[in-house]
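Structure first, commentary second.
The values are calculated or read from the model by the stated rules, or taken from the named source; none is laboratory data. Here the structure is a predicted model, which is why all the values come from computation and not from measurement. Cβ placement follows ideal geometry from the backbone for every residue including glycine, while neighbour counts extend to all protein chains displayed.
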Amino acid sequence: MAIDTVLLAVGPMDTVRAPELAETVLEIAEPLGATVVIGHAFTEDEYEDVHDDLGLEARVDDIDPDEVAARRAPVPELAERFEEAGVDYEIKGALGEVSTKVVDMAIDVDADRMVVGGRRRSPAEKAVLGSVSQEIILQAPCPVTYFRDLDVME
């Protein structure tokens, strides 16, 4: 199976692991000459929370999700890493229920591989709070590489 497109799905919690996510994606994309799509899905509530921080004036109904994604951490840092490595990349944003939008994005860009990050959580936390990463993995239209923080649970 050829890998032409790698979707790196990120959220604001991925800022702390952005260098490691970039390295993981580069290990896949760089030798194959694959294009990387940096995907950032966010809810309306998240948009409202960062609206002023990003200096955006548009109401949620009038936004360009790609523009918001391009300005939201950790996307600029990741874009810079891929630029420095000479890897083709594009940025996609989506507004709505995060796991569904990320899976839709993978379908839309015809991703051959996805990379998602997550943090270590107890089974009880997952049962009560759910897991966006888990939903993405279960619904993904292609193989998924899951990058988990390796810090110890407290």
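Being closer than 17 Å to Ile136 by Cβ, surrounded by 13 or more Cβ atoms within 10 Å (Cβ to Cβ) and of a type in the set (Asp, Glu): is that true of Asp14 here?
Working: closer than 17 Å to Ile136 by Cβ: yes; surrounded by 13 or more Cβ atoms within 10 Å (Cβ to Cβ): yes; of a type in the set (Asp, Glu): yes.
Here the answer is yes, as Asp14 does meet what is asked.
Quick one: what pairs do we get from the range 71-86, first residue within 14 Å of Glu27 (Cα to Cα), second in a loop (DSSP other than H, G, I, E, B) and modelled with pLDDT of 95 or more, C-beta under 9 Å, 6+ apart or different chains?
From residues that are within 14 Å of Glu27 (Cα to Cα), the pairs are Arg81/Val87; Phe82/Asp88.
Only one of these is under 13 Å from the mean Cα position of the chain (by Cα) and either surrounded by fewer than 17 Cβ atoms within 10 Å (Cβ to Cβ) or under 19 Å from Met105 (Cβ atoms) (or both): Ala29, Ala2, Ala70, Ala34. Name it. Don't jump to the end; show me each part of the working.
Numbers: Ala29 fails: under 13 Å from the mean Cα position of the chain (by Cα); Ala2 fails: under 13 Å from the mean Cα position of the chain (by Cα); Ala34 fails: under 13 Å from the mean Cα position of the chain (by Cα).
When all the criteria are applied, what remains is Ala70.
Counting just the residues of the range 103-134 that are touching an Asp or Glu at 6+ places or on another chain (Cβ under 9 Å), surrounded by 14 or more Cβ atoms within 10 Å (Cβ to Cβ) and not hydrophobic (A, V, I, L, M, F, W, C), which one comes out modelled with the highest pLDDT?
If we take residues in the range 103-134 being touching an Asp or Glu at 6+ places or on another chain (Cβ under 9 Å), surrounded by 14 or more Cβ atoms within 10 Å (Cβ to Cβ) and not hydrophobic (A, V, I, L, M, F, W, C), then Asp112 is modelled with the highest pLDDT.
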